[in-house]
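The values are calculated or read from the model by the stated rules, or taken from the named source; none is laboratory data. Since we're looking at a predicted model, the values are computed, not measured. No Cβ is skipped: glycine too gets one built from the backbone with ideal geometry, and neighbour counts run over all protein chains shown.
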Amino acid sequence: MDCSYLIAVCLPQCKPGGDNFAAPNGEEAGSAAAIKSGVVMQEIAAVIAALDISHNPASVHLAQRGGLPMGISFLLRVAAGDAEAIESAVQKTGRPARRLREAAGFFIEQVMLHPESDSYRVLGGVADTPTSELRRNMALLLTWLHPDVATHNGIEGAQLDRSVFANRVTEAWEHLKTAERRAKYDRMLAQNSRSKAAPGTPKRSRRPKGNPVRSEALLTAPMGRGKHREDFITRLARFILGAPR
């Protein structure tokens, strides 16, 4: 069973694919213990989801389409270098601090800052998230994006500069920082949603590019047997690949 990202919604029987959270001595520890505790699980759900998708990049698209897991603020604290949060995450997941911070950053980039994310998602919230929480998340994101924090050695020693995302975060906050702006933004989201749901004018189908005579002759030619069949397959392959006859 592929349990990618399901760990974030508290399924006790699932473990993130491929990333072993069990303690080396075989005793129940890390995320295995956290899963048994609902309160703890809620706090570190986003961190565990981040560890999962960073280990299994193919599951990123599931996270991008789904809702954000619980514990986003805690994940942002880990990404921003909060020593207390990092120590807590290390104890609860059994993973080293650097691994946790890299996974948290990967989650922020790929899920929260995805090009299709709205301003709520960019700030780690939803439509009913309190403004105070959005403000706190914004501050944590800007700390994570600060040059002293954002530019660091990656897994393979490459320099990673995430400060390019700063405008995205500040723009999201501008949309939501007051009740008036938030109401205006909500109306815009609702309007966009209605526009996408409304049936559009059907587009006229376009003829495929290329020589229409050649296309017609090729598609209507009898397949036949033996050499005739081989000739047909050859012509078909050349037509598909755009090769000259």
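Within region 150-159, can one find any residue that is modelled with pLDDT of 60 or more and either in a helix (DSSP H, G or I) or assigned by TED's automatic domain parsing to the domain that holds F107 (or both)? Write out each step before concluding.
If we filter region 150-159 for residues that are modelled with pLDDT of 60 or more, which is where we start, we get none.
The answer is no, given that none of the residues of region 150-159 is modelled with pLDDT of 60 or more and either in a helix (DSSP H, G or I) or assigned by TED's automatic domain parsing to the domain that holds F107 (or both).
Let's see how each residue does on (1) among the basic types (K, R); (2) more than 22 Å from L189 (Cβ to Cβ); (3) outside the structural domain of L176 (by TED's automatic domain parsing):
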position	(1), (2), (3)
L51	no, yes, no
S59	no, yes, no
S73	no, yes, no
R77	yes, yes, no
A83	no, yes, no
K92	yes, yes, no
A104	no, yes, no
V111	no, no, no
R121	yes, no, no
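Give the number of residues within region 110-138 that are surrounded by fewer than 15 Cβ atoms within 10 Å (Cβ to Cβ) and either out of contact with any helix residue (DSSP H, G or I) (no Cβ under 8 Å at 6 or more places or on another chain) or of a type in the set (D, E) (or both).
Within region 110-138, residues that are surrounded by fewer than 15 Cβ atoms within 10 Å (Cβ to Cβ) and either out of contact with any helix residue (DSSP H, G or I) (no Cβ under 8 Å at 6 or more places or on another chain) or of a type in the set (D, E) (or both) number 6.
Scan region 61-72 for residues that are under 18 Å from D118 (Cβ atoms) and surrounded by fewer than 22 Cβ atoms within 10 Å (Cβ to Cβ) and jot them down.
Of the residues in region 61-72, the ones under 18 Å from D118 (Cβ atoms) are 61, 63-69, 72.
Once the filter is applied, which keeps residues that are under 18 Å from D118 (Cβ atoms) and surrounded by fewer than 22 Cβ atoms within 10 Å (Cβ to Cβ), region 61-72 yields H61, Q64, R65, G66, G67.
Yes/no per residue for (1) under 16 Å from the mean Cα position of the chain (by Cα); (2) at pLDDT below 95; (3) of a type outside the set (V, I, T):
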{"position": "S31", "(1), (2), (3)": "no, yes, yes"}
{"position": "H55", "(1), (2), (3)": "yes, yes, yes"}
{"position": "H61", "(1), (2), (3)": "yes, yes, yes"}
{"position": "R77", "(1), (2), (3)": "no, no, yes"}
{"position": "A83", "(1), (2), (3)": "no, no, yes"}
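Take the conditions among the aromatic types (F, W, Y) and modelled with pLDDT of 95 or more and apply them to F21. Does it pass?
Values: among the aromatic types (F, W, Y): yes; modelled with pLDDT of 95 or more: no.
It is false that F21 is among the aromatic types (F, W, Y) and modelled with pLDDT of 95 or more.
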